[in-house]
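Below is one structure, written out as structure tokens; the observations come after it.
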Amino acid sequence: MNVIYIHTHDTGRYIEPYGYNVPTPNLMNLAKEGTLFRQAYSVAPTCSPSRSALLTGLPPHTNGMFGLAHRGFKLHDMNQHIVPFLNKNNIETALCGVQHVAHPEQKAIGYKRIITVNSNTVDGVNYGVDEANALSAAKYIKEKKDKPFFLSFGMINTHRDWPAIDNETNENYVMPPFPLYDNKENRKDFASYISSAKIVDRSVKIVLDALKESGLENDTFVFFTTDHGLAYPNMKCNLYDTGIGVSLIIKYPANMKKGQSVDSLVSHLDIFPTICDLMELNIPDDLNGKSLIPILENRTDEIHGEIFAEVTYHAVYEPMRCIRTKRYKLIKYFDDYDFTLPANVDGSTAKDFMADSGFFRKKHPKLMLFDLYLDPVERVNLVHDESYADVLEGLSEKLEKWMTETKDPLAKGKIEKPLGAVTNKRSCYSPRTEDFE
């Protein structure tokens, strides 16, 4: 069985298969041919930590990726990455496009083939970087192979800065995603996101068309996902569902849930053991996730009672942890600072509007409990509601136990950044401000 891992930056679930008015017909077709996971979650709503969790099967606080790779954070051991594991098991590993786990030398991961293009011009036509890379990935897929392969195809879209609004998208008729205020500036900004998502969709089509043409479609497991939520306040770099909720679409021949969506609670940590299961490889003992194959093959509806997520560093130190069940969410902040840190929010007109309206002057609670069945938008903090006392106690105990079992250093105090890593000062408004601790 071959594996194609297709991934984006900062998309959350804002694509057509999840019901949003974001035209992505090729991803819609993939969903119809595969399975759409409605309750899939990132382990960390910040780029490198999220990807590190998916690709090691370990939480970032266990694998060492406490922050962003390009700011100097690293895995404790690159051999924890799935690529060296697959190499040892005679699987050809290939990378095309973004990876964001090793920086600056992506060869350190160990991919046997790196096929990212150096020019966006292909056969005399100038493409964006993602579509040019997609064409290179397509060429690789159609090459004759003598062993199974694992291909990682990563796109820079939908990461900011988003492209100019395309001719088909009218900014007057889009709705900014919750929880953004509906005004002219936010509509225009989200219209740019839609244009970025369309680039993703065209790139996905190139790769999937190549798979069909290769004759390998019936021998290939394809999954599409993203690292975390959109680059807006209260989304990316937050443990609300708007931050950790991700797209996950899976297609493979033995899938008995073709054309269905499922509400199973799943995590990016489940991807590594799923790939092992598919390729009939022994699942490493230290992995934290579980294979998704029993769900896809209709042997069970659920594999988890709860999932966990975390933030430690993004641009600034802002440690938080959460546990989420089907019904409840507990978020705990561990720092002595009670305000949202501006540098951990990517620049946008929405950020500026909210900043001008006092967003960064409001404190957040150190502990938040939500009943997601009654409050799916996570507005009502139930920490002091006596009727939820047992829920609070139970989730708190499970969160503490998870931190202990996974050797989370945050349980013992502040996590210091590694030597050479770069983080902004709390006073910075933008992550691009070169004022570092």
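The values are calculated or read from the model by the stated rules, or taken from the named source; none is laboratory data. None of the values given here were measured: they were computed from a predicted structure. Every residue, glycine as well, gets a Cβ built from its backbone with ideal geometry; the counts of neighbours run over all protein chains shown. Areas reflect the complete protein model, heavy atoms only, side chains present, ligands, DNA and RNA absent. Shrake-Rupley method; radii C 1.70, N 1.55, O 1.52, S 1.80 Å.
For the range 123-162, report the translational diffusion coefficient in µm²/s to the nearest whole number, using Stokes-Einstein at 20 °C, 1.002 mPa s, and a Kirkwood Rh over Cα pairs. Translational D for this selection: 179 µm²/s. The trypsin sites (Lys or Arg not before Pro) of the range 199-304 that meet both conditions, a loop assignment by DSSP and at most 10 other Cβ atoms within 10 Å of the site Cβ, are Arg299. The coefficient of translational diffusion for the range 171-282, derived via Stokes-Einstein from the alpha carbon Kirkwood radius under 10 °C and 1.306 mPa s, stands at 95 µm²/s. Ligands, DNA and RNA excluded, the heavy atoms of Glu217 present near 50 Å² of accessible surface to a 1.4 Å solvent probe. The accessible area of Leu135, taken with all protein chains in place and a 1.4 Å probe, comes to roughly 50 Å². If you take every residue apart from His364 with its C-beta less than 14 Å away from the C-beta of His364, what net charge results, scoring Lys and Arg +1 and Asp and Glu -1? Net local charge, His364 excluded: +1. Amide H contacts of Thr423: Glu437, each under 5 Å away and 5 or more positions distant or on a separate chain (H built 1.01 Å from N in the peptide plane; Pro and chain starts excluded). For Thr220, nonlocal amide neighbours, meaning residues 5 or more places apart or on other chains whose placed amide H falls under 5 Å from its own, are Asn2. Cross-link partners of Lys142 among lysines, defined as those whose alpha carbon lies under 19 angstrom from its own and excluding same-chain residues fewer than eight positions apart: Lys112, Lys205, Lys212, Lys251. Pairs of Lys residues in the range 326-385 that lie 8 or more places apart, or on two chains, and have C-alpha atoms under 15 angstrom apart add up to 4. Dividing the convex hull volume of the alpha-carbon atoms in the range 14-168 by its residue count gives 153 Å³ per residue. Counting only residues at least eight positions apart within a chain, or on another chain, the lysines with an alpha carbon under 20 Å from that of Lys74 are Lys107, Lys407, Lys414, Lys417.
Between amide H atoms placed 1.01 Å from N, distances below 5 Å from Ile114 occur with Leu95, all of them 5 or more places distant or on a separate chain. Dividing the helix sum by the residues of the chain, where each DSSP H run of 4 or more adds -39500 (n - 2.57), gives a mean residue ellipticity at 222 nm of -8000 deg cm²/dmol. Using only the Cα atoms of the range 65-148, build the gyration tensor, take square roots of its eigenvalues as a ≥ b ≥ c, and label the shape rounded, prolate or oblate: rounded if a/c is under 1.5, else prolate if a/b is larger than b/c, else oblate. Because a/c hits 1.5 or more and a/b fails to exceed b/c, the range 65-148 counts as oblate.
An ellipsoid equivalent to the chain, defined through the eigenvalues of its Cα gyration tensor, has semi-axes of 32, 26, 22 Å when rounded to whole angstrom and sorted largest first.
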